[in-house]
Amino acid sequence: MWPNSLAVYCGASASGPPAHAAAARSLGRLLADEGVTLVYGGAKSGLMGQISDATLAAGGSVCGVIPDFLDAVERTHEGVSELVRVDSMHARKRVMTERADAFCILPGGIGTLDEVFEAITWGQLGLHAKPLVFLDCDGYWDPLYRLLLSMGEAGYLRVAPKAIFQSVSQPEEVLPALRARRAEPSASHLERS
């Protein structure tokens, strides 16, 4: 059942709220239960470590993609099913996009925003047509939604924000939301607002 693989972008910092870590662990277990390979940034720390460890503990498959220079910073997870080492952040995002059928965004920092905006930009340019969903348990991403709406209202988005992404509040809603989005005939990321 689709998706076969899911790219999850999230923080490597261990200082986030416990609810975010719980959501990451829950999503990891769900991915394993559904046979969906987790494709993520390859770190053992923060939400990245939480989701990868939970997926592995539940018997799932995990593909970590990490630039060599981040070994010391993000603590590379050597215990994943497959570890892909790359030479740059750009290569990490490219490999994750190539290996994933869809995207899920959990809380994170600047690096997560970089990944999100590249996925959105590539979708708008027609470089992929993969659905993107935010797992937003506590309104963490509300400021970003407001910014995107403001950009659309000002005429700076080529598509309506609702064509770019969707948001869910519970881990168990992620895969159904992605599947529903994929089934929509008008779910193109190039849909005009």
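The ellipsoid that matches the Cα gyration tensor of region 112-189 has semi-axes, each √(5λ) in whole angstrom, of 19, 17, 11, with the longest given first. Label positions at Tyr156 and Ser81, each projected 7 Å from the Cα along the C-beta direction, are separated by 4.0 nm.
Comparing Cα centroids, region 3-38 and region 113-154 end up 18 angstrom apart. Would you compute the Debye intensity of region 21-80 from its alpha-carbon atoms alone, equal scatterers and no solvent, and pass along log10 I(q)/I(0) at q = 0.12 Å⁻¹ to two decimals? Debye intensities relative to I(0), on a log10 scale: -0.23. Computed on the chain, with alpha-carbon pairs under 8 angstrom and 6+ residues apart, the relative contact order is 22 percent. Among residues other than Met48 with Cβ under 10 Å from its Cβ, the summed charge is 0 (Lys and Arg +1, Asp and Glu -1). Its alpha carbons give region 75-158 an Rg and a Dmax of 14.6, 47 Å. Rounded to the nearest 10 degrees, the angle from helix 174-183 to the longest Cα principal axis of the chain is 40 degrees.
As a calculated quantity, the FRET efficiency between Ala19 and Ser45 at R0 = 25 Å, using C-beta atoms, amounts to about 0.90.
Restricting the calculation to alpha carbons of region 115-157 gives Rg and Dmax of 11.6, 31 angstrom. Using label points projected 7 Å from each Cα along Cα→Cβ, tell me how many nm separate Glu98 and Ser169, to one decimal. A separation of 4.0 nm, rounded to one decimal place. Please identify, among Pro161, Pro131, Pro107, the residue showing maximal mean-square fluctuation in a Gaussian network model of the chain using a 10 angstrom Cα cutoff. Of Pro161, Pro131, Pro107, the Gaussian network model singles out Pro161 as fluctuating most.
Where both bridge residues fall in the chain, DSSP classifies roughly 5% of the beta bridges as antiparallel.
Each Cα pair of the chain feeds into the Kirkwood radius, which the Stokes-Einstein equation turns, at 25 °C and 0.890 mPa s, into a diffusion coefficient of 149 µm²/s.
Readers should treat all values here as calculations from the given coordinates under stated rules, not as data from a laboratory. Predicted model only: the values in this text are computed from it and were never measured. Note that we place each Cβ from the backbone using ideal geometry, even for glycine, and neighbour counts take in every protein chain shown.
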